Amino acid sequence: MYKALGLAALFIWLFSVTVALAQGPTESADTLPTPILPTTAYNYTNIALPDYFNSPQLLAADNTPGNNPLTNAGATLGRVLFYDKRLSANNTVACASCHHQANGFSDTNRLSLGFAGGLTGRNSMGLANARYYQNGAFFWDERAASLEIQTLRPIQDSVEMGLTLDELVAKVAAESYYPPLFEQAFG
């Protein structure tokens with residue numbers, strides 16, 4: 001009987017710990033560090049690449065929209081957005097939380113961890129060279145037609161980042177460093 005009670009107590013304790021961990025930590029946006037922005041944008045557009053990046057076959061595969069070319073100001077804005085944990089429901093997860101630069105902007109875990117401790121259905125795809133992915137082939141199941149569409153899906157996913165687009169816009173508008181970045185990127 002004591003053994004059964006001990007097992008029941010252990011089960012209840014494990015269940016309680018699991019529930020507590022699944023809630024995930026919550027951070028106030030006020031306690032998160034403000035990004036340190038460069039006084040001049042980094043040179044993202046004119047980096048020296050090997051000659052094969054200029055081959056006709058590779059240039060033909062570039063899915064960058066003609067009306068949204070790569071600019072230094074746009075890449076700076078993108079980098080700040082990519083690393084900003086404020087863009088999740090509880091200020092704990094950024095795109096970079098699962099897309100690790102050291103791993104080709106992918107996740108080495110079998111399943112990625114969402115903002116409240118939930119697990120995603122798959123691990124995060126690598127984002128290195130995403131501008132050369134075939135249009136219509138973003139996400140493992142190829143459900144996003146373009147990179148521009150793909151970037152909004154994890155933010156709105158109830159497991160990954162948990163925001164609506166209206167909440168996202170409000171969070172971005174509330175930060176003093178975003179308006180100048182958007183102005184520099186889009187005029």
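The values are calculated or read from the model by the stated rules, or taken from the named source; none is laboratory data. In this text, all values refer to a predicted model and were calculated from it rather than measured experimentally. With ideal geometry, Cβ positions are generated from the backbone for all residues, glycine too; neighbour counts draw on all protein chains shown.
A few comments on the model shown:
- All positions within segment 69-106 that are more than 28 Å from Ala174 (Cα to Cα) and under 11 Å from the mean Cα position of the chain (by Cα): Ser106
- Positions within segment 113-136 being part of a loop (DSSP other than H, G, I, E, B) and surrounded by 16 or more Cβ atoms within 10 Å (Cβ to Cβ), in sequence order: Gly114, Phe115, Ala116, Gly117, Gly118, Thr120, Asn123, Ser124, Met125, Leu127, Tyr133
- In segment 113-160, the residues that are on the phi > 0 side of the Ramachandran plot and free of Cβ contacts under 8 Å to residues at least 12 places away in the same chain: Asn129, Gly136, Glu142
- Residues in segment 137-154 that are part of a loop (DSSP other than H, G, I, E, B), of a type in the set (D, E, K, R) and closer than 24 Å to Ala89 by Cβ: Asp141, Arg143.
- Candidates Val93, Val80 - the one that is closer than 19 Å to Asp157 by Cα, in contact with a helix residue (DSSP H, G or I) (Cβ under 7 Å, 6 or more places away or on another chain) and at pLDDT 90 or above: Val93
- Matching residues in segment 86-123 - criterion: being within 20 Å of Arg143 (Cα to Cα) and touching a Leu at 6+ places or on another chain (Cβ under 8 Å): Cys95, Cys98, His99, Phe105, Ser106, Leu111, Ser112, Leu119, Thr120, Gly121, Arg122, Asn123
- Looking only at residues of segment 39-60 that are part of a loop (DSSP other than H, G, I, E, B) and surrounded by 10 or more Cβ atoms within 10 Å (Cβ to Cβ), we find that the one that is modelled with the lowest pLDDT is Ala41.
- Thr39 farther than 18 Å from Ala130 by Cβ and in contact with a Pro (Cβ under 7 Å, 6 or more places away or on another chain): no
- The set of residues from segment 161-181 being surrounded by 15 or more Cβ atoms within 10 Å (Cβ to Cβ), part of a helix (DSSP H, G or I) and either on the phi > 0 side of the Ramachandran plot or of a type in the set (A, V, I, L, M, F, W, C) (or both) comprises Leu168, Val172, Leu181.
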